[in-house]
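Take a look at the structure below.
The values are calculated or read from the model by the stated rules, or taken from the named source; none is laboratory data. All figures in this text were calculated on a predicted structure; none of them were measured in a lab. With ideal geometry, Cβ positions are generated from the backbone for all residues, glycine too; neighbour counts draw on all protein chains shown. The area values use the complete protein model at the heavy-atom level, side chains included, leaving out ligands, DNA and RNA. Shrake-Rupley method; radii C 1.70, N 1.55, O 1.52, S 1.80 Å.
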Amino acid sequence: MKFAVIVFPGSNCDVDMFHAIKDELGEEVEYVWHDATDLSSYDGILIPGGFSYGDYLRCGAIARFSNIMGEVVKAAEAGKPVLGVCNGFQILTEAGLLPGALLRNKNLKFMCRTVPLKVVNSDTLFTNQYSEGEVLNIPIAHGEGNYYCDEETLTRLKANNQIVFTYAGENPNGSVEDIAGIVNERGNVLGMMPHPERAVDELLGSADGLALFKSIVKQWREANYVSHA
Ligand SMILES: NC(=O)CC[C@H](N)C(=O)O
């Protein structure tokens, strides 16, 4: 399986994401600069965290207009897995690929720590290697991680099982219903504030994020299995 890690000016988790895929997962991965206009040769699209365009005007608000985003939309429409972590999640909401918005943390501070994260839906292509209700240790590092959506959207998210992760301990940022990660209705676009790519080896303090990437690969291999019998 071949992944693209999209790099914007100001991305700073691109190297961690690349490392997670190449060294920990052992899959193919390439950096793709935000100016590129073709993602057709990639099977999975990863939008890493960081401070794209210095977080002006809002986190992700400028990155959403980069050339590459038209291709990210195409990939999502084609059913390819698209994962946005932290700034990546913010970009996906700004682009309209995921509902809702990420607001300033309720305490107005940048928060950087490992939090307990609950797997609410293990029936997605991103979470099939977890069990429902499992609690993971995954780092957060954000200033605008306070997930907000209106009542109608929340009702829809619940009805379609689109809430994938919630904060299991104290809600660190004020997110509606402790939401930490959601998928689109089709289930192939995941946005999450915590950083699974920073939790792929016990040496980093946790390896709980690795199964997320393994889930993507497992689903892809099953979907693209070619019998030579
Ligand atoms: N680690 C990140 O991706 C941070 C995202 C964004 N710059 C924020 O502070 O909310």
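What to note about this one:
- Under a 5 Å amide H cut-off, with hydrogens placed 1.01 Å from N, Ala180 pairs with Phe165, Thr166, Tyr167 among residues at least 5 apart or on other chains.
- When DSSP beta bridges are restricted to pairs lying wholly in the chain, around 60% turn out antiparallel.
- Antiparallel bridge percentage (DSSP; both residues within segment 1-112; nearest 5): 10
- The chain, accessible surface, carbon-and-sulfur percent (1.4 angstrom probe): 49
- Ellipsoid semi-axes in whole angstrom, largest first, where each is sqrt(5λ) of the Cα gyration tensor of segment 138-201: 20, 15, 9
- Distance from the C-alpha centroid of segment 183-222 to that of segment 65-120: 14 Å, rounded to the whole angstrom.
- Couplings for segment 18-25, taken from phi via the Karplus curve 6.51 cos²θ - 1.76 cosθ + 1.60 with θ = phi - 60°, read 4, 4, 4, 6, 6, 8, 8, 8 Hz in order; Gly and Pro are left as x.
- Segment 104-229 - convex hull of the alpha-carbon atoms, volume per residue in Å³: 110
- Computed from phi, the 3J(HN,Hα) profile of segment 183-196 under the Karplus parametrisation 6.51, -1.76, 1.60 (θ = phi - 60°) reads 10, 6, 4, 6, x, 9, 10, 10, x, 8, 7, x, 9, x Hz, with x in place of Gly and Pro.
- Here segment 127-145 and segment 1-43 have alpha carbon centers that stand 21 Å from each other.
- Histogram of C-alpha separations across segment 83-148, 5 Å bin width, %: 4, 16, 19, 23, 24, 12, 2
- Order by protection proxy (mean Cβ within 10 Å, highest first), peptides 202-208, 17-23: 17-23, 202-208
- Over segment 39-172, volume per residue of the alpha carbon convex hull, in Å³: 120
- Ranked packing of 30-39, 133-142, most packed first, by mean Cβ within 10 Å: 133-142, 30-39
- In this structure the amide hydrogen of Val32, modeled in the peptide plane, comes within under 5 Å of the amide hydrogens of Val5, Ile6, Val7, none closer than 5 places in sequence on its chain.
- Computed over the alpha-carbon pairs of segment 115-158, the distance histogram in 5 Å steps reads 5, 18, 16, 21, 26, 14, 0 percent, short to long.
- Close amide H pairs (under 5 Å, H built 1.01 Å from N) link Met111 with His142, Gly143, residues at least 5 positions away or on another chain.
- Computed P(r) (all Cα pairs; the chain; 10 Å bins; percent): 8, 37, 40, 14, 1, 0
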